[in-house]
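These notes concern the structure reproduced below.
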């Protein structure tokens, strides 16, 4: 994909956010969500500051955009990140219906700086039953018990689909 002037500007802003975050004792990651209407929402890595392993820059920017726009659907938005999003952040962008993700540095650059997520990328490349990093196990309960939340959900007229 050829970068537009907006893409270059947004990535420069994300890099500036990441750089400033390091100066403020945060992680070296910054991100922006540019909504379809052009509004910009920022996020920085706050993992250690918030004691929250999900507080990556991309997730923080997505949260800010959702709150600012009053929606969980960011269709048409673009996520700009100073670094290639990890698997969690990619999934968050998918759930938020982000249209495009653009990044500057890649996962190998992050690994060179001490942020090696290779095990996480590899984890999602294999079926769950082959993973030793974190086994995911389905416990067989009574079918009715296991489906109870979904049964109630499908009968709730006021549910909000997402």
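Only the coordinates and a few stated rules stand behind these numbers; no lab work does. Owing to the predicted nature of the structure, the values given are computational and were not obtained by experimental measurement. Positions of Cβ are backbone-derived with ideal geometry, glycine not excepted, and every protein chain shown enters the neighbour counts.
Full extension of the segment from residue 161 to residue 100, taken as 0.36 nm per residue of separation minus the current Cα-Cα distance, would add 19.7 nm.
How big is the antiparallel share of DSSP beta bridges in the chain, given as a percent to the nearest 5? Looking only at bridges with both residues in the chain, the antiparallel portion is about 65 percent. Packing order of peptides 143-150, 64-71, 91-98, highest average first: 91-98, 64-71, 143-150 (average count of other Cβ atoms within 10 Å over each peptide's residues). Size descriptors for the range 1-77 (Cα atoms only): Rg and Dmax, in that order, 12.7, 38 Å.
Between residue 121 and residue 16, the simple label model (points 7 Å from Cα in the Cβ direction) yields a spacing of 2.9 nm. In this simple spin-label model, placing a label point 7 Å from the Cα along the Cα-to-Cβ direction at both residue 108 and residue 4 gives a separation of 3.0 nm. Between residue 154 and residue 54, full extension at 0.36 nm per residue minus the direct alpha carbon distance yields a gain of 33.0 nm. The Stokes-Einstein estimate for the range 35-108, based on a Kirkwood radius over Cα pairs and taken at 20 °C with 1.002 mPa s viscosity, is a diffusion coefficient of 175 µm²/s. The value obtained for the chain, namely the Cα convex hull volume divided by the number of residues, is 157 Å³ per residue.
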